[in-house]
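This report concerns only the one structure given below.
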Amino acid sequence: MTKTGAEHLQSLRDGREVYLDGGKVDDVTTHPAYRNAVRTSAKLYDFQAHPDHVEYMTFESPTSGERVNRCWQLTKSYEELVVRRKAIAAWSRLSGGWLGRSPDHIASSMVGQVMGLPVFERHSPERAAALWEYFQWARDNDVYMTYVIINPQAERAKSTGEQPAEYLATGVVDEDSEGITVRGAKMLGTGSIMANEVLFANIQPLKPGEEKYAISFALPMNAKGLKIMSRRSYEESVTTAYDYPLSARFDENDALVYCDDVKVPWERVFIYRDPDTARAQFQDTYAHYMQNYQAQIRLMVKMQFLVGVARRICETIGTIGMPPVAERLGHMAAQTAMVEGLVYGMESGGGEYNGYYVPDRNLMYTAQVLTQQLYPEFITSMRELAGGGLIMLPSSARDFANPELNALIHATQKSATGSSEEKVKFMKLAWDAIGSEFASRHAQYEMFYAGAQFVTRAHAFRTYDWDQAAQLVDSVLDSYSLEDELDRGGASLAAE
């Protein structure tokens with residue numbers, strides 16, 4: 001049977017150690033800091049289990065025979081990649097693209113890793129077999145995964161092994177016949193509150209001598225000694241969902257994950273004491289490409305949502321007919337369509353990798369480079385289109401319950417398109433998308449989730465087909481010569 005929301009909620013009542021505001025959270029499914037976001041995650045599974053959606057949202061697992069989400073599908077053709085993208089986009093539309101680490105993100109990374117299984121086999125046949133077995137288990141159980149692949153920021157100029165604290169980053173403390181014992185922290189555990197499993201890995205390079213940190217493994221979120229230290233909850237701090245409709249429901253949270261001498265069984269260890277394979281896990285397999293291809297699909301949906309909000313702002317305040325406003329909206333519409341076009345280009349320009357059909361990696365990095373710049377510009381444009389209207393709104397939905405204030409709201413919150421209540425409702429949504437603390441976190445997220453700009457630009461440089469560009473230049477250079485010009489009398493023309 002296809003996984004349902006109720007099953008997912010039940011799976012989160014597992015005794016995990018989540019810490020917030022100085023205390024331990026007993027149940028993330030009911031705590032006011034997380035319950036709405038957790039319910040949002042459950043709705044993803046209810047959506048895929050609906051009879052009208054199950055066919056295009058899921059596929060039959062080749063091992064269990066059960067229907068699981070298409071994010072786990074190892075695509076063999078262009079057509080399968082497109083169907084998979086449509087399922088990812090359908091999930092993303094449920095939140096308007098605001099869930100950056102929905103289950104399809106890490107699943108996409110895992111898909112890319114097992115597509116590159118020979119990389120792990122060169123490291124160790126046993127570790128490669130562990131990854132393959134784990135992938136099949138996670139797929140067959142439609143597991144919600146998060147990952148922690150960045151070390152805590154301390155002294156950025158120093159490498160992992162040069163930090164003052166030996167186990168600031170997660171490293172090996174001990175090993176025996178049953179597995180390894182690890183200690184230390186990783187971040188950013190986005191979505192860890194609502195996930196079932198967490199993958200530990202290294203996206204940052206390691207040096208020789210740092211083998212104790214060169215590991216990759218997976219743990220259940222309730223593993224003994226695993227501590228999840230949550231950032232402040234935006235969901236808990238809002239007044240009502242009417243006032244903050246995005247913050248109240250889509251705050252997937254971020255967390256620092258700490259291993260307090262956690263035991264990891266060998267069957268869950270995928271890389272062990274190997275800096276080069278730790279690098280290769282993302283760069284030599286298709287992991288980095290598949291996970292960020294998913295991110296661009298989600299961003300495509302989010303940009304469509306935001307450009308819709310931008311136009312609605314202009315309609316609401318009556319500026320839609322002004323030529324400068326139409327020009328700005330046209331530019332934003334073109335930017336949105338560009339992201340969509342790049343996603344389609346990744347697919348049509350894709351090709352074969354180890355027997356699988358995968359998206360074009362350079363177009364994916366092109367999209368990342370462009371959207372890292374585009375997103376903050378987009379938000380600035382929306383702010384300019386809105387002006388002061390986003391600030392002068394009723395303090396909360398409770399103002400409507402006061403008859404005197406209600407009358408004042410209806411007298412002062414005028415709209416070119418609807419009632420005062422409709423205007424306030426929409427403008428509250430717009431503010432939550434571009435001005436709230438939740439919105440600010442998302443601006444930071446979209447600018448850095450794939451790395452700093454110099455990192456993504458380096459990926460674009462590395463993956464571009466420079467040989468083709470050079471051949472084109474050479475073909476034009478080869479089409480004429482000095483000798484040809486001299487033979488045609490070019491010497492006399494040059495003398496003139």
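The values are calculated or read from the model by the stated rules, or taken from the named source; none is laboratory data. None of the values given here were measured: they were computed from a predicted structure. A quick note on method: Cβ atoms are made from the backbone with ideal geometry, for glycine too, and the neighbour counts reach across all protein chains shown.
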Next on the checklist: Can you go through V269, V238 and tell me which one is over 23 Å from the mean Cα position of the chain (by Cα), aliphatic (A, V, I, L, M) and closer than 30 Å to P394 by Cβ?
Outcome noted: V238
Next on the checklist: Residues that are free of Cβ contacts under 8 Å to residues at least 12 places away in the same chain and assigned by TED's automatic domain parsing to the domain that holds E60: list the strands (runs of 3 or more DSSP E) wholly contained in segment 72-188 that include at least 2 such residues.
Outcome noted: 171-175
Checklist entry - Quick check, is T30 among the polar types (S, T, N, Q), modelled with pLDDT of 95 or more and within 23 Å of the chain's Cα centre (by Cα)? => result no
Next on the checklist: If R328 meets every condition in (1) closer than 23 Å to L370 by Cα; (2) of a type in the set (D, E, K, R); (3) surrounded by fewer than 16 Cβ atoms within 10 Å (Cβ to Cβ) apart from one, which number is that one?
Outcome noted: (3)
Checklist entry - Checking R39 against (1) surrounded by fewer than 18 Cβ atoms within 10 Å (Cβ to Cβ); (2) assigned to a loop (DSSP other than H, G, I, E, B); (3) modelled with pLDDT of 95 or more, which test does it fail? => result (2)
Checklist entry - Quick check: is even one residue across segment 356-376 within 24 Å of the chain's Cα centre (by Cα) and either on the phi > 0 side of the Ramachandran plot or surrounded by fewer than 16 Cβ atoms within 10 Å (Cβ to Cβ) (or both)? => result yes
Checklist entry - How do the pairs read when you match residues in segment 310-322 that are under 15 Å from E421 (Cα atoms) with residues anywhere that are assigned to a loop (DSSP other than H, G, I, E, B), using Cβ under 7 Å and keeping only pairs 6 or more apart or on different chains? => result T316/S415; T316/A416; T316/T417; I317/A416
Checklist entry - Is one or more of the residues making up segment 77-86 closer than 30 Å to S237 by Cβ, modelled with pLDDT of 95 or more, surrounded by fewer than 18 Cβ atoms within 10 Å (Cβ to Cβ) and of a type in the set (V, I, T)? => result no
Checklist outcome for this item: Filtering segment 243-273 down to residues that are among the charged types (D, E, K, R) and in contact with a Leu (Cβ under 9 Å, 6 or more places away or on another chain) yields D243, E252, D254, D260, R268
Checklist outcome for this item: Note on segment 37-61: residues in contact with a Phe, Trp or Tyr (Cβ under 9 Å, 6 or more places away or on another chain) and aromatic (F, W, Y) are Y45, F47, F59
Checklist entry - Would segment 445-452 turn up any residue that is out of contact with any Cys (no Cβ under 8 Å at 6 or more places or on another chain) and exposed (fewer than 14 other Cβ atoms within 10 Å of the Cβ)? => result yes
